[in-house]
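Heads up, the thing below is written out as structure tokens.
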Amino acid sequence: MTDSGILPIILYVVLAIAVLGVLAAVFIKTRRTKDSFTSTRDANDPAPGGGTDTLERPGEAPPRSQPAPPAEDLDGTASVEDDLTGLEQLEVEAPEPVAGRLVRLRERLSKSNNALGKGLLALLSSDKIDEDVWDEIEETLLMADLGTEPTMQLMDALRERVKVMGSRTPEHVRELLREELIKLVDPTMDRSLADDRHDDRPAVMMVVGVNGTGKTTTVGKLARVMVAENKDVMLGAADTFRAAASEQLATWGERVGVPTVKSDVEGADPASVAFESVKAGIDGEVDVVMIDTAGRLQNKVGLMDQLGKVKRVVEKQATVDEVLLVLDATTGQNGMAQAKVFSEVVDISGIVLTKLDGTAKGGIVVAIQRELGVPVKLVGLGEGADDLAPFDAEEFVDALLA
């Protein structure tokens with residue numbers, strides 16, 4: 001064979017070796033696996049996939065965390081991988097000052113379509129209050145989701161005070177109604193949030209509630225409130241069942257400038273994510289760790305059990321200082337049923353009532369507090385980022401009667 005015939009063969013062999021080398025490199029790279037959740041899942045959990053628990057810290061790449069030791073409820077470990085490659089950085093927003101938010105929210109509440117205060121004022125100001133009027137008053141209270149027992153209590157108090165009152169001018173009636181409604185809402189309840197850091201660890205808050213109540217959004221809004229109070233906050237995206245829930249929470253974190261611990265795989269073990277969130281909060285010496293949990297339907301026993309598991313796993317390294325139940329104020333008595341079931345699974349310490357404007361009925365505040373024995377601590381009155389404020393009994397009643 002001539003030299004001219006051998007040369008093409010050599011070129012083909014060299015080219016083939018180069019192609020095989022490239023393919024081998026690609027194959028080896030795709031074989032690399034990341035640290036994954038290895039904890040045993042409950043039978044009712046979705047099938048797991050490989051994934052990582054990522055700490056997203058706006059503006060900078062955080063130090064790599066070490067794998068956490070196994071908890072009793074976990075048969076393995078969940079690792080944290082801090083990879084911010086490709087993370088879109090959003091401009092950190094400055095939350096509106098607390099005082100400004102409170103004023104604006106109270107104005108919105110006073111302008112909302114509340115039939116409770118206005119209806120009662122009209123009835124009690126009638127020239128003649130006979131049994132028919134009292135029946136209308138009772139109906140108004142019940143339709144406002146006040147609940148049977150509080151309605152009877154308020155009816156008895158109103159009957160007695162109207163009987164001894166010399167006049168029924170609008171001013172007298174308003175003051176009478178204001179005093180009795182404030183008693184029902186109970187201003188003596190402690191509505192402060194347990195968000196003060198302990199000596200050696202952060203305060204830990206869990207936020208629970210069914211899908212559609214605005215739970216994840218509430219976590220983001222509350223983070224804004226805490227940032228406005230100069231607190232160092234970390235978010236934990238333990239709602240691993242709802243599509244894009246982790247990304248939604250991480251976006252809130254980016255907007256307000258706080259880190260989010262999340263898994264990169266939908267359906268990861270929520271207890272593992274919650275555990276790693278608290279561990280990262282302890283290592284980072286933050287003030288508050290807020291854990292967003294899955295929006296479990298109250299009739300799914302297995303999922304409610306999983307919620308209890310999340311709390312138990314977190315408490316292997318830190319106590320849960322606050323458990324906030326988020327309820328949609330427009331759901332009325334259906335929200336009451338949800339609240340009862342959640343309170344049986346975890347110790348609810350406070351209520352967040354969202355959508356408390358428009359069609360919401362103010363009586364739900366009294367009913368939910370009576371049923372659970374815990375206070376309404378926060379109210380939401382819209383979709384805006386700063387539409388969340390502390391609940392105040394007297395100002396709430398004043399807004400209803402405005």
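The values are calculated or read from the model by the stated rules, or taken from the named source; none is laboratory data. What you are looking at is a predicted structure, and each value in this text was computed from that prediction instead of being measured. FYI the Cβ positions are ideal-geometry reconstructions off the backbone, even for glycines, and counts take in every protein chain you see. Remember, those area values only see protein heavy atoms, side chains included, never the ligands or the DNA or RNA. Shrake-Rupley method; radii C 1.70, N 1.55, O 1.52, S 1.80 Å.
Quick check: pseudo-label points 7 Å beyond the Cα along Cα→Cβ at Ser125 and Glu315, how many nm apart are they?
A separation of 5.1 nm, rounded to one decimal place.
Provide the solvent-accessible area of Val258, counting protein heavy atoms only and rolling a 1.4 Å probe, rounded to the nearest 10 Å².
10
Given the Cα-Cα distance of Asp199 and Arg168 and 0.36 nm per residue of separation, how much length would full extension add, in nm?
5.5 nm
Multiply the residue gap between Asp135 and Glu149 by 0.36 nm, knock off their C-alpha separation, and tell me the result in nm, one decimal place.
Extending this stretch completely gives an extra 3.5 nm.
State, to one decimal in nm, how far the label point of Ala244 lies from the label point of Asp156, with both points 7 Å from Cα in the Cβ direction.
Simple spin-label model gives 5.2 nm for this pair.
Hey, with R₀ at 25 Å, roughly what FRET efficiency would Lys118 and Ala337 work out to, going by the Cβ-Cβ distance, to 0.05?
0.35
For Thr188 and Glu383 in the same chain, what is the full-extension length gain: residue separation times 0.36 nm, less their Cα-Cα distance, in nm?
Answer, rounded to one decimal: 67.2 nm.
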